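The next block holds one structure in the form of structure tokens; read it before the comments.
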Amino acid sequence: IPAKTPGELDAMQAAGEIVGRALQAVKAEVRPGMTTLDLNEIAEAVIRDAGAIPTFLGYQGFPGSICASVNEVIVHGIPSKDVVLEEGDLVSVDCGATFDGWVGDSAWSFGVGELDDDVIALNEATEWVLMEGLKAMVPGNRLTDVSHALEVATRKAEQKFDVQLGIVDGYGGHGIGRTMHEDPYLANEGKPNRGPRIQEGSVLAIEPMLTLGTVDSAVLEDDWTVVTLDGSYAAHWEHTVAATAGGPRILTPRR
């Protein structure tokens, strides 16, 4: 997997830190009665105030600066004034920023007010799976060692958080650098020791997407919004991560 230099990793982290601040701003402001378009405006303001460009806006025609996916929406939810948030909603916000020619990409799921216990378990489990899975992002491993680590962590999370989890089929992470989506595609499950070698400086966007039910999904008529086939809630967590001699380095940190 192509390597970035230490200086390029620093530049990618500068972009990633802007994404982190945008996500924090959205989470700090979210409340019942807001729309997902409101969340989009908050994130875009943070990105532009930092001198960066919203990577998502116009990407293959996408109309928003974030993806705002609520409850049964897994990914790619289009921000809208018609989607009004309610107490108990689970919102997954995926955000990208381009700064000095480099891209940061990260996603964070959080609740609007109090969540049901099973939704809390889903969300905490997805975060845990991300943090466990990215530990495999080390030089010398292969691409699917990360996939396998995510799958193993998901099955452990079912016991740890007492919840049944579905790994969304056909969606996963990706390479990233000067453009948002680079090769290779990173599945969220699979057998280990396959695919290209991870080297020092390799970067992947790692993003488990888990549900409280099905592994199957459908794309709505807008050609973007991906929903669970059975209507079950979904959570999505993502970090841009570099493999370094000192271990995995999260390039999209947030407090």
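The values are calculated or read from the model by the stated rules, or taken from the named source; none is laboratory data. All of these numbers come straight from a predicted model, not from anything done at the bench. All Cβ positions, glycine included, derive from the backbone under ideal geometry; neighbour counts span all protein chains shown. For the accessible areas, the whole protein counts, side chains as well, though only heavy atoms, and no ligand, DNA or RNA atoms are used. Shrake-Rupley method; radii C 1.70, N 1.55, O 1.52, S 1.80 Å.
Over the C-alpha atoms of the stretch 25-81, the Rg to Rh ratio, Rh being the Kirkwood estimate, stands at 0.96.
Taking only protein heavy atoms and a 1.4 Å probe, the accessible area of the chain is 49% carbon and sulfur. On the beta carbon distance between Glu87 and Asp230, with R0 = 25 Å, the FRET formula returns roughly 0.60. Placing a label point 7 Å from the Cα of Tyr59 along the Cα-to-Cβ direction, the residues of the stretch 98-115 whose backbone N falls under 18 Å of that point are 98-109. Here is how the number arises for the chain: DSSP H runs of 4 or more residues each give -39500 (n - 2.57), the sum is divided by the residue count, and the result at 222 nm is -9500 deg cm²/dmol. Viscosity 0.890 mPa s, temperature 25 °C: what is the translational diffusion coefficient of the chain from Stokes-Einstein with a Kirkwood Rh over Cα pairs, rounded to a whole number of µm²/s? In µm²/s, the coefficient is 137.
First measure r as the distance between the Cβ atoms of Lys156 and Ala3, then evaluate 1/(1 + (r/R0)^6) with R0 = 35 Å and state the FRET efficiency to the nearest 0.05. Show your work: numbers first, answer last.
On the way: r = 30 Å, r/R0 = 0.87.
E(calc), rounded to 0.05, equals 0.70.
Calculated accessible area for the stretch 9-59 comes out at 41 Å² per residue, all protein chains present (probe 1.4 Å; ligands, DNA, RNA ignored). Note on the stretch 108-139 and the stretch 155-210: Cα centroid distance 14 Å, given to the nearest whole angstrom. Scattering from the stretch 1-132 was approximated by placing one identical point on each alpha carbon and applying the Debye formula without solvent; log10 I(q)/I(0) at 0.16 1/Å stands at -0.80.
Couplings 3J(HN,Hα) for the stretch 198-214, derived from phi with the Karplus relation 6.51 cos²θ - 1.76 cosθ + 1.60 (θ = phi - 60°), are 7, 10, 4, x, 5, 10, 9, 8, 9, 8, x, 10, 10, 10, 8, x, 6 Hz, where x marks Gly and Pro.
At full extension, Glu41 and His181 could sit 48.0 nm farther apart than now, given 0.36 nm per residue minus the alpha carbon distance.
If you only keep lysine pairs separated by 8 or more in sequence, or across chains, how many in the stretch 61-193 come under 20 Å at the Cα atoms?
Working: Lys135/Lys156; Lys135/Lys160; Lys135/Lys191; Lys156/Lys191.
Final tally of qualifying lysine pairs is 4.
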